[in-house]
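The next block holds one structure in the form of structure tokens; read it before the comments.
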Amino acid sequence: MTTGKLVCILFAVASSHFLIVTSLRLLSGDHYCDRTHLPSTESLRSDQFTVLINGYSESRIRILQTVTGVYASSPSVAAVVVLWGNPNTPSETLVELSHNLSISSPGDAPISVIRQPSSSLNARFLPRPWISTRAVLICDDDIEVDSKSIQFAFNIWKSRSNNPEQLVGLFARSHELDLTSRSWIYTVHPDRYSILLTKFMFMKTEYLYHYSCAGGESMAEARSIVDEMRNCEDILMNFVAANKTGVGPVLVGAKSVRDWGDARNDGGRRRQRRELTVAGEVSVGLSSRKKGHRKNRGDCIKEFHRVLGKMPLRYSYGKMVDSIGEQGLCEKNGKLVFCDQQLSN
């Protein structure tokens, strides 16, 4: 090998490493709320969406490789970005993660890892100058959704009139006024919902700016409540969206979802794909949580109502389903099976 070729190879390797490290840099110096640094709404493309995955635990890195691969394989995905919020994770670990996700991706959409400027949960909603799409999918690092259901949810988001404003997602909860205590509570209803979780939620990219930069002192105080509680950023985003739309969110059904973070998982041996329903997954999911969790979430609703001066949350009913792909689960001989198998021998 000649000296010239060796120099070129070393330069290429160094450049590649530099690009990866640069993508992991701290972004604290960026002016997130400066409109001049953000693309205009008119320039954002509507035929694709950007996936923003909230990452924190190094124990879920293996799951991330699967989850990001599913998103990157979709022709409707412009980019997949893991927003890493754990300040204690070594940069070397994130460099390796970024490299592995990129080289192992089965799709064409680029995958990158960006270290968040802080561990605040509010950081997942910072407006980003590199987002080129009108919609973003906010999701967690432990939720695996089949590709057809991802596309179905995106199609529903696009179909919400000529200017889609409503949140669209898979996991629903509700607020309610407790008449005994005369205070807001966080709960679930079998027939209505008013809150979508950021486990999997489509929304307008513009809402990132409204959450992080608009609303003056009231929203600043609401964001400080999120930091104090270390919770409820999803509820606050629902407040933001409902305040803009005056209507509730849209729940969609999925053919299959694997929630790797669900407390009902048994060491990986009994992780099962299950159907999402308002009366099914939601009620079981809440019952698996400690009561303190629900109380804290109710306190967030109460505090957001107080500091913002209004209750914008509105109820929605039912859910949008893919009539061909979706099946319910029914009981047969003491086991849960797809309902269309119930009558088979």
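The values are calculated or read from the model by the stated rules, or taken from the named source; none is laboratory data. From a predicted model like this one, the values you see are computed outputs, not experimental measurements. Cβ atoms come from the backbone with ideal geometry, glycine included; neighbour counts cover every protein chain shown.
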Is it true that some residue in the range 218-237 is at pLDDT 95 or above, closer than 17 Å to Phe304 by Cβ, surrounded by 17 or more Cβ atoms within 10 Å (Cβ to Cβ) and of a type in the set (Lys, Arg)?
yes
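Residue-wise test of (1) aromatic (Phe, Trp, Tyr); (2) closer than 21 Å to Leu167 by Cα; (3) touching a residue at least 12 places away in the same chain (Cβ under 8 Å).
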| residue | (1), (2), (3) |
| --- | --- |
| Thr41 | no, yes, yes |
| Ile53 | no, yes, yes |
| Glu58 | no, no, yes |
| Ala79 | no, yes, yes |
| Gly85 | no, no, yes |
| Ser102 | no, no, no |
| Ile114 | no, no, yes |
| Ser119 | no, no, yes |
Any chance Arg297 is modelled with pLDDT of 75 or more and outside any strand (DSSP E or B):
yes
Take Arg124 and decide whether it is touching a residue at least 60 places away in the same chain (Cβ under 8 Å), within 22 Å of Asp227 (Cα to Cα) and not aromatic (Phe, Trp, Tyr).
yes
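Against the condition at pLDDT 95 or above, of a type in the set (A, V, I, L, M) and touching a Phe, Trp or Tyr at 6+ places or on another chain (Cβ under 6 Å), how does Val51 come out, does it pass? Steps first, please.
On the way: at pLDDT 95 or above: yes; of a type in the set (A, V, I, L, M): yes; touching a Phe, Trp or Tyr at 6+ places or on another chain (Cβ under 6 Å): yes.
Yes, satisfied.
Applying the selection to the range 137-151, what residues are outside any loop (DSSP other than H, G, I, E, B) and farther than 12 Å from Gly169 by Cβ? Please lay out each step first, then the result.
As a first pass, look at the range 137-151 and keep what is outside any loop (DSSP other than H, G, I, E, B): 137-140, 143-145, 147-151.
Scanning the range 137-151 gives Glu144, Ser147, Lys148, Gln151.
Would it be correct to say that Gly292 is farther than 24 Å from Ile150 by Cα, modelled with pLDDT under 95 and part of a loop (DSSP other than H, G, I, E, B)? Walk me through it before giving the result.
Details: farther than 24 Å from Ile150 by Cα: yes; modelled with pLDDT under 95: yes; part of a loop (DSSP other than H, G, I, E, B): no.
In short, no.
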All conditions in (1) over 13 Å from the mean Cα position of the chain (by Cα); (2) under 24 Å from Tyr32 (Cβ atoms) are true of Phe152 except (2)
